[in-house]
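K.L.:
Following this message is one structure expressed as structure tokens.
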Amino acid sequence: MNTKIPPPIVTLTFGLIIYFSKSFFPLYSVDNSNMISTIFLLSGLGIFSAAVQSFKKHKTTINPLSPNKASSLVNSGIFSYTRNPMYLGMLLILLSISFKFNISGGIFISFLFKIYITRFQIIPEEVAMTKLFSEEFIAYKNQTRRWI
């Protein structure tokens with residue numbers, strides 16, 4: 001796989017960029033931004049946790065840097081709605097940070113995170129899953145969206 005940076009570290013880095021870049025972007029305020037931020041945070045944590053539980057239930061690896069060690073294709077539960085719930089959860093957490101500290105810059109930076117994680121994490125994982133699970137993964141890929 002191309003990437004050597006664990007996705008949680010990538011998420012933390014993008015979150016810090018969102019926070020520390022707030023002086024470079026126009027200041028916008030949204031009514032109830034704290035509530036919106038909390039909803040994004042809880043949704044992101046919930047989706048992420050559901051994905052982790054699904055991996056544990058199926059007794060397969062959770063390590064995103066070693067997708068070739070997967071012992072089973074998880075396509076039920078939260079994975080029936082999105083092929084990448086952990087990354088979706090991370091994106092929602094970044095949006096939470098955005099609404100709390102830096103709406104305009106944060107949404108843009110969160111979009112950059114989506115592009116980065118798709119290119120350097122998701123696509124290589126999909127290649128590995130196709131090699132491991134061939135037709136089963138291709139059918140799942142055709143049935144379930146990458147993000148939402």
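K.L.:
So what is the calculated 222 nm ellipticity per residue for the chain, using -39500 (n - 2.57) for each DSSP H run with n of 4 or more, over all residues, to the nearest 500 deg cm²/dmol? Walk me through the intermediate numbers first.
P.N.:
Values: 5 runs with 92 residues, N = 148.
After summing the helix terms and dividing by the residues of the chain, the value is -21000 deg cm²/dmol.
K.L.:
How much accessible area does Ile9 have with a 1.4 Å probe, in Å² rounded to the nearest 10?
P.N.:
80
K.L.:
Describe numerically, in nm with one decimal, the distance between label points set 7 Å from Cα along Cα→Cβ at Ser71 and at Ala50.
P.N.:
Reported label-point gap for Ser71 and Ala50 is 2.5 nm.
K.L.:
How much of the accessible area of the stretch 16-148, probe 1.4 Å, is carbon plus sulfur, in whole percent?
P.N.:
Details: 4890 of 7670 Å².
The C+S portion of the solvent-accessible surface of the stretch 16-148 is 64 percent.
K.L.:
Go ahead and set up a Gaussian network model of the chain, Cα springs under 10 Å, then flag whichever of Ile138, Ile122, Ile109 fluctuates most.
P.N.:
Result: Ile138 has the largest fluctuation of those listed.
K.L.:
Further question: Please compute the per residue accessible area over the stretch 1-112 with all protein chains in place, 1.4 Å probe, rounded to a whole number of Å². Can you show the working numbers first?
P.N.:
Numbers: 6340 Å² over 112 residues.
With the other protein chains kept in place, the stretch 1-112 gives 57 Å² per residue.
K.L.:
Count neighbours as other Cβ atoms within 10 Å of each site's Cβ, and list the chymotrypsin sites (Phe, Trp or Tyr not before Pro) in the stretch 1-45 that are DSSP loop with at most 16 such neighbours.
P.N.:
Details: sites: Phe14, Tyr19, Phe20, Phe24, Tyr28, Phe40; in loops: Tyr28.
Counting only loop positions with at most 16 other Cβ atoms within 10 Å, the chymotrypsin sites (Phe, Trp or Tyr not before Pro) in the stretch 1-45 are Tyr28.
K.L.:
Quick one: what are the phi-derived ³J(HN,Hα) couplings along the stretch 85-98, Karplus 6.51/-1.76/1.60 with θ = phi - 60°, whole Hz, x for glycine and proline?
P.N.:
The phi angles translate into x, 5, 6, 4, x, 5, 4, 5, 5, 5, 5, 4, 4, 4 Hz.
K.L.:
Using 7 Å Cα-to-Cβ label points, what is the Ser80/Ser33 separation (nm, one decimal)?
P.N.:
Modelled inter-label distance: 3.9 nm.
K.L.:
Alpha carbon centre of the stretch 97-133 versus the stretch 44-84: separation in Å?
P.N.:
When both Cα centres are located, 16 Å separates them.
K.L.:
Only Cα pairs within less than 10 Å get springs; with that Gaussian network setup on the chain, which residue of Asn63, Asn102, Asn75 has the largest fluctuation?
P.N.:
Asn63
K.L.:
At a 1.4 Å probe radius, which order do Leu95, Leu65, Leu12 fall into by accessible area, largest first? Present the calculation step by step, with values, prior to reporting the outcome.
P.N.:
Details: Leu95 35, Leu65 55, Leu12 100 Å².
Sorted descending by solvent-accessible area, the residues read Leu12, Leu65, Leu95.
The values are calculated or read from the model by the stated rules, or taken from the named source; none is laboratory data. Just so you know, these numbers come straight off a predicted model, no measurement behind them. In this analysis, Cβ positions are derived from the backbone assuming ideal geometry, glycine residues included, and neighbour counts consider all displayed protein chains. Keep in mind that these areas ignore ligands, DNA and RNA; they rest on the heavy atoms of the full protein, side chains included. Shrake-Rupley method; radii C 1.70, N 1.55, O 1.52, S 1.80 Å.
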